[in-house]
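Each value in this text was obtained by applying a stated rule to the coordinates, not by laboratory testing. This structure is a prediction, so every number in the text was calculated from the model and none was measured. Note that we place each Cβ from the backbone using ideal geometry, even for glycine, and neighbour counts take in every protein chain shown.
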Amino acid sequence: MDFSLNAISDFVSKLTSSFTKKSGQSFIGIDIGLSSIKVVQISEQKGGAVLETYGELALGPYANAEVGQAVNLPATKIAEALIDLFREANITSRTGGVSIPLAASLISVITLPTRNESDLATMIPIEARKYIPVPVSEVSLDWFVIPEAERTFLRTNAPRSSNTTEALLVAIRNDTLTKFGNIMKVATVSARFYEAEPFSMARSAYEHSTSPTMIIDLGASSTRIYIIEFGIIEISHTVNRGAQDLTLALERSGGLTFAEAESEKRSKGVVGNPAGVAALEFIFSEARRIFLTYQRKEGKSVSRVVLVGGGAELKGITDIASKFFDAHVLLGSPFDKVTTPAFIGDILKNAGPSFASAVGLALRALQQ
């Protein structure tokens with residue numbers, strides 16, 4: 001089962017590659033979160049990726065909860081929601097890629113005491129035990145040897161030996177792969193690959209740059225923070241606060257129901273509400289700490305901070321975030337990677353941050 005990258009080198013080399021699939025073939029990207037499912041369908045036409053349809057469906061109602069609430073659904077319920085989304089969004093393809101949440105994966109750059117790549121297949125599973133907090137038998141492993149050109153620029157302040165190899169290690173829990181496999185079977189989806197979400201997200205939100213980029217993914221129950229350089233994920237960190245916490249802050253401070261607070265958050269944002277702003281500032285304070293620690297340790301400046309995820313759709317969020325970073329802060333625009341109808345440009349711009357992972361998955365499926 002191809003769970004991550006089809007060799008991570010494809011990810012590194014094809015972030016902005018051209019497409020070679022036959023015209024007319026359509027592929028989907030499926031991003032299953034705790035509060036919603038996102039699906040994007042694209043096809044290749046005249047050498048470029050073209051958006052055919054997309055959609056999002058809240059998962060709260062499938063657990064008798066509210067829209068916007070994070071829920072832990074069994075595979076059967078998620079499959080039911082996915083089938084409903086296919087119908088509502090007029091998704092016609094059943095072939096593509098599926099995102100695996102960061103919480104079910106581990107990503108790390110590791111150093112191995114050899115330059116002989118033929119030794120890695122034996123050495124990496126042994127070395128992985130130092131980085132993985134569960135038995136290696138409970139995860140599926142993939143890795144990519146970082147090319148010397150990229151290695152030269154990465155970790156400039158760290159001592160390096162000419163007799164070592166640096167590799168990007170990815171581990172995904174087998175029970176998660178089994179659950180997602182069952183979901184796809186019920187929904188009759190042919191999953192070409194399962195990919196850890198940072199890679200699909202970076203494919204659509206990251207642009208090649210001479211300096212590192214921070215991506216902040218504001219999910220429902222948590223926020224994921226990544227620092228990427230030369231296509232390599234240098235840092236991955238989770239803050240256990242997300243967009244749902246902003247809703248809860250508005251609910252408590254305003255005496256509202258969760259549904260009322262969620263509606264207010266989506267229509268007005270949190271600017272002007274001290275409780276909502278405080279919840280958001282906590283997230284950015286944590287991201288700033290990682291931002292500054294990385295810059296001090298590596299002696300490099302992070303040039304851009306890209307906001308993605310459902311929480312990035314909040315009104316005024318870039319103004320709040322800009323106060324925390326000495327870098328350009330912008331919203332992710334994953335739909336810029338594909339050709340879209342001009343008349344829905346504004347809609348896609350507003351919805352774009354939520355679909356970063358789904359777009360990245362569909363792009364990889366089209367490339368393969």
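Of note:
- Couplings for the range 82-99, taken from phi via the Karplus curve 6.51 cos²θ - 1.76 cosθ + 1.60 with θ = phi - 60°, read 5, 4, 4, 5, 3, 5, 5, 8, 6, 6, 9, 7, 10, 10, x, x, 10, 7 Hz in order; Gly and Pro are left as x.
- Under a 5 Å amide H cut-off, with hydrogens placed 1.01 Å from N, S36 pairs with L59 among residues at least 5 apart or on other chains.
- The candidate values are [x] 61, 46, 42; [y] 59, 52, 47; [z] 67, 53, 45; the one derived from this structure for Cα extents along the principal axes in Å carries the label [x].
- Placed amide H near Q45: partners under 5 Å, 5+ positions off or other chain: V50
- Theoretical FRET efficiency, 1/(1+(r/R0)^6), r = Cβ-Cβ of R289 and T178, R0 35 Å, to 0.05: 0.45
- Gain upon complete extension [K268, T92; 0.36 nm per residue less C-alpha separation]: 59.9 nm
- Antiparallel content of DSSP bridges confined to the range 8-367, in %, to 5: 70
- HN-Hα J in Hz across the range 352-365 - Karplus 6.51, -1.76, 1.60, θ = phi - 60°, x for Gly and Pro: x, x, 5, 9, 4, 5, 4, 5, x, 5, 5, 5, 5, 4
- Taking 0.36 nm per residue of separation and subtracting the current Cα-Cα distance, fully stretching the chain between D326 and A63 would add 90.5 nm.
- Each residue, N116 and T318, gets one label point 7 Å from its Cα in the Cβ direction; the gap between the two is 5.3 nm.
- When only alpha carbons are used to place a centre, the range 48-85 and the range 261-301 end up 26 Å from one another.
- Karplus 3J(HN,Hα) series, Hz, for the range 132-139 with 6.51 cos²θ - 1.76 cosθ + 1.60 (x for Gly, Pro): 9, x, 10, x, 4, 5, 8, 10
- Residues whose amide H comes within less than 5 Å of that of E234, counting only those at least five positions distant or on another chain, are I227, I228, E229 (H built at 1.01 Å from N in the peptide plane).
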